[in-house]
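Heads up, the thing below is written out as structure tokens.
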Amino acid sequence: MVKKVLLTVGALLCLFPAMAFADEPSAGMLNMGLNTLWIILAAVLVLLMQGGFILLETGSTRMKNAGHVAGKTIFTVGLASIVWWAVGYGFAFGTGGNAFIGLSDFFYSAPLVGTDAEPYSPTAFFVFQMMFVTISLSIAWGGFAERAKLSVYLIFTLIFSAVIYPVIAHWIWNADGFLAADGAQDFAGSTVVHLTGALAAFAATVLLKPRIGKFNKDGSANEILGHNQVFTALSVLLLWVGWFGFNAGSSLSVGDGFFAYVAFNTQLGAAAGAVAALLISWAFIGKADITTMLNGGLAGLVAITASCAYVEPWAAVVIGLIAGVLVFFSVKLFEKLRIDDPIYALSVHGAAGIWGTLANGFFATPELAAKVGIGEGGLFYTGSWHQLWVQFESVVICGAFVLAASFLVLGIMKAVMGLRVTEEQEIVGLDLSEHGNYGYPEQMKKAQQNLNV
């Protein structure tokens, strides 16, 4: 037996002599490799969130549009990835530009390996950031739901991924960006990802106008129920799991384990948002509304995204609680304003994104700000209004840019090609009118047969 083992090892060493003489990897190389592994794992978790968005939008809308919702999500994720590789990453994270935009790394040439002088492989960072632009885009689709042409998704994906999102990412996340220089704290993207997507959704829903049957002539709203609440609940669970990659992955290292602290705060914020939303709906409408509770969990996640690395656990709970309450009243407000938001993107990602960004100005601790290396402590710790002002500045400036750019782009598209399907197509459903098939062929054919009887 011993002879067989020795002969096997000897044969392997002859075939693969590097095994016998390979140098021990340096500490720097090990650190780079572990960080790279974590970032890629986090990127996979963020990509998995697209499954959550598919189920969220599908479950929150009607059966006749289910296949369209699922298919266009995969299509736009693919298209956005190519655009991000070609130009988006260069505008966002390229060097040689200025405080407003990057001007290098177009058609990104990914290095094969990292070096021990780097904290992680640059390719891993590129892949991770690619996932973020696709998430912001999927948030924007909430404002297009059930009434936009497929061609509109195609063209807006190109422009949003190439210019609108990259500019915001450059301002806040690129060291050259002017808001980064001011000390704007947005650890994983309450503003960069969520508010940007929500404001694009706002522009779309205003220009597209409400779905047929949503509002009556007197301004009162009709509830257009989604077809599968179980899908919606499962979507929240998938998004919640993916959010650990979203937030904790933004630490970009395993090092001292700080990413675990970020994950801890993420869980507390989400949990508080779900609980607060359920309780506030129970108190105001007399029923514990499931949809509100699900939105509250997502709102808590959105709000804690900016501050998960900057605040103490008790503050994470407070941030989530306020987000859960805010989303309930925000939904009511948008409905009164006759804004048709089928996926509640404006409330979950917009209102909660603003609150989450501003929350740093109150709750960020000086110690954690110093650890992350951006900005300073918030009002409750320093007595200074400076960080709150910087957070407010980033919300207003980024919000104004995204709104102006989205209204301009979609306004031109509306004038040139039209944004909305015809009334007949909307009534029939986008599955059939845009794709010639049904997401639920058996159920829809049965319904059609019953109508013909």
(Q) If I model a spin label as a point 7 Å beyond the Cα along the Cα-Cβ vector, how far apart are those points for residue 34 and residue 396 in nm? (A) 4.4
Q: Report relative contact order for the stretch 144-198 in percent, whole number only (criteria: Cα-Cα under 8 Å, sequence separation at least 6).
A: 24
Q) With the dipole of the stretch 373-443 worked out from charges on the C-beta (+1 for Lys and Arg, -1 for Asp and Glu) around the Cα centre, which of 397, 383, 417 lies farthest toward the positive end? A) 383
Q) Of all the Cα-Cα pairs you can form in the stretch 310-453, what percent are over 25 Å apart? A) 54
Q | Sorted largest first, extent of the stretch 90-143 alpha carbons per principal axis (Å) | A | 44, 24, 19
Q: Compute the accessible area per residue over the chain, keeping the other protein chains in place, probe 1.4 Å, unit Å².
A: 43
Q.
Relative contact order of the stretch 212-307, please, whole-number percent, based on alpha carbon pairs below 8 angstrom and at least 6 residues apart.
A. 25
**Q.** 5 Å-binned pair-distance histogram of the stretch 42-135 (Cα, whole percent)
**A.** 3, 13, 18, 19, 17, 12, 8, 6, 3, 1, 0
Q | Percentage relative contact order, the chain, counting C-alpha pairs under 8 Å, at least six apart | A | 21
Q. What's the angle, to the nearest 10 degrees (0 to 90), between helix 27-60's Cα axis and the longest principal axis of the chain?
A. 10
Q) Angle between the Cα long axis of helix 441-452 and the longest principal axis of the chain, 0 to 90 degrees, nearest 10? A) 10
Q.
When only alpha-carbon atoms are used, what values of Rg and Dmax, in angstrom, describe the chain?
A. 23.8, 91
Q: Name the residue farthest towards the positive end of the dipole of the chain from the options 181, 168, 334, assuming +1 on Cβ of Lys and Arg, -1 on Cβ of Asp and Glu, about the Cα centre.
A: 334
Q. Where in the stretch 408-435 is the amide nitrogen less than 20 Å from a point lying 7 Å along the Cα-to-Cβ axis of residue 212?
A. 418-435
Q.
Helix 258-285 against the longest principal axis of the chain: what's the angle in degrees, Cα atoms only, rounded to the nearest 10?
A. 20
Q.
In whole percent, and with a 1.4 Å probe on the protein chains, what portion of the accessible area of the stretch 286-379 is carbon and sulfur?
A. 68
Q. About its Cα centre, what dipole magnitude does the chain give when the only charges are +1 on Lys and Arg Cβ and -1 on Asp and Glu Cβ, stated in debye to the nearest 20?
A. 1280
**Q.** Binned Cα-Cα distance frequencies in the stretch 193-265 - 5 Å width, integer %
**A.** 3, 12, 12, 13, 17, 14, 10, 8, 6, 4, 2, 1
Q: Treating cross-link reach as a plain straight distance, find the aspartates and glutamates whose alpha-carbon is under 20 Å from the alpha-carbon of residue 64, omitting any fewer than eight places away in the same chain.
A: 146, 223, 340, 341, 423, 424, 426, 431, 434, 442
Q) Carbon and sulfur: what percent of the stretch 138-284's accessible surface (1.4 Å probe)? A) 69
Q) Per the Kirkwood definition applied to all pairs of different Cα atoms, how many angstroms is the hydrodynamic radius of the stretch 275-330? A) 11.1
**Q.** Selection from 301, 288, 246 lying farthest towards where the dipole of the stretch 189-328 points positive, charges on Cβ
**A.** 288
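The values are calculated or read from the model by the stated rules, or taken from the named source; none is laboratory data. None of the values given here were measured: they were computed from a predicted structure. Don't worry about glycine lacking a Cβ; one is built from the backbone with ideal geometry, like all the others, and counts go over all protein chains shown. Remember, those area values only see protein heavy atoms, side chains included, never the ligands or the DNA or RNA. Shrake-Rupley method; radii C 1.70, N 1.55, O 1.52, S 1.80 Å.
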